[in-house]
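Okay, structure first, notes after.
The values are calculated or read from the model by the stated rules, or taken from the named source; none is laboratory data. These numbers come from a predicted model, not from an experiment. Cβ: placed from backbone, ideal geometry, glycine included. Neighbour counts: every protein chain shown.
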Amino acid sequence: MSQTTYRLIFLALGLGLIVVIVGAVLLAPSGEPTELPDAVEHFTPADGATVLEQTSVVLDLAPGYAATLTIDGLVIPAEEVIFTDVTGRHEFIPGPGKTIERWATGFHVVEARWDRISDLPDPGSVTWSFRVS
């Protein structure tokens, strides 16, 4: 091959690399954390995360709050949620005889609604989704 052919190949490869880098910079997530309501300390799986089917849904609220969880439109009964009053932790683990026995492959949407247990009401909600692979 001639030098011109090599130059054209290297030019095309260089332009392709530039396109990939620019695309990654423009399309990558911003990395800015999601703004959570004051009552919410943390939840898992993270919004948009891909997880294994052994995962549990955890919502950590500030102490003094209690929540109800709705997953894929199904209200999870309080007796199926492990609730630790002192820390405000709510955890749902799918299992036999529960509203959700196992995670189906695909996307799942969690909606948590909470209110203060005592004192003045302070209701709120947060919704997030995750994917089970």
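If we keep just the residues of segment 71-81 that are at negative phi and outside any helix (DSSP H, G or I), which is nearest to the chain's Cα centre (by Cα)? Lay out the reasoning, then the answer.
Step one: filter segment 71-81 for residues at negative phi, giving 71, 74-81.
With outside any helix (DSSP H, G or I) added as a condition, the list becomes 71, 74-77, 81.
Details: ILE71: 12, LEU74: 18, VAL75: 18, ILE76: 18, PRO77: 21, VAL81: 18 Å.
Once the filter is applied, the top-ranked residue is ILE71.
Being assigned to a loop (DSSP other than H, G, I, E, B) and touching a Pro at 6+ places or on another chain (Cβ under 7 Å) is the filter here; which residues of segment 43-56 pass it?
From segment 43-56, those assigned to a loop (DSSP other than H, G, I, E, B) are 45-48, 52-56; that's our starting set.
Answer for segment 43-56, where residues must be assigned to a loop (DSSP other than H, G, I, E, B) and touching a Pro at 6+ places or on another chain (Cβ under 7 Å): just THR55.
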Margin query: It is to be established whether one or more residues within segment 20-43 are loosely packed, with under 10 Cβ neighbours inside 10 Å, at pLDDT 80 or above, out of contact with any Leu (no Cβ under 6 Å at 6 or more places or on another chain) and not charged (D, E, K, R).
Written below: no
Next item on the list: Test each condition in (1) part of a loop (DSSP other than H, G, I, E, B); (2) more than 15 Å from the chain's Cα centre (by Cα); (3) modelled with pLDDT of 95 or more for TRP103 and report the one that comes out false.
Entry: (2)
Next item on the list: For GLY64, work out the one condition from (1) touching a strand residue (DSSP E or B) at 6+ places or on another chain (Cβ under 8 Å); (2) at pLDDT 95 or above it doesn't fulfil.
Entry: (2)
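Okay, residues lined up against (1) farther than 23 Å from ARG131 by Cβ; (2) touching a residue at least 40 places away in the same chain (Cβ under 8 Å); (3) not in a helix (DSSP H, G or I); (4) not acidic (Asp, Glu):
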residue: VAL58; (1), (2), (3), (4): no, no, yes, yes
residue: ALA66; (1), (2), (3), (4): yes, yes, yes, yes
residue: LEU69; (1), (2), (3), (4): no, yes, yes, yes
residue: PHE83; (1), (2), (3), (4): yes, no, yes, yes
residue: LYS98; (1), (2), (3), (4): no, no, yes, yes
residue: VAL109; (1), (2), (3), (4): no, no, yes, yes
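Give segment 111-133 a look and list any residue that's in a loop (DSSP other than H, G, I, E, B) and in contact with a Lys or Arg (Cβ under 9 Å, 6 or more places away or on another chain), or say none. Before you say what the answer is, go through the steps one by one.
Initial filter on segment 111-133 (in a loop (DSSP other than H, G, I, E, B)): 117-123, 133.
The answer is ASP122, PRO123.
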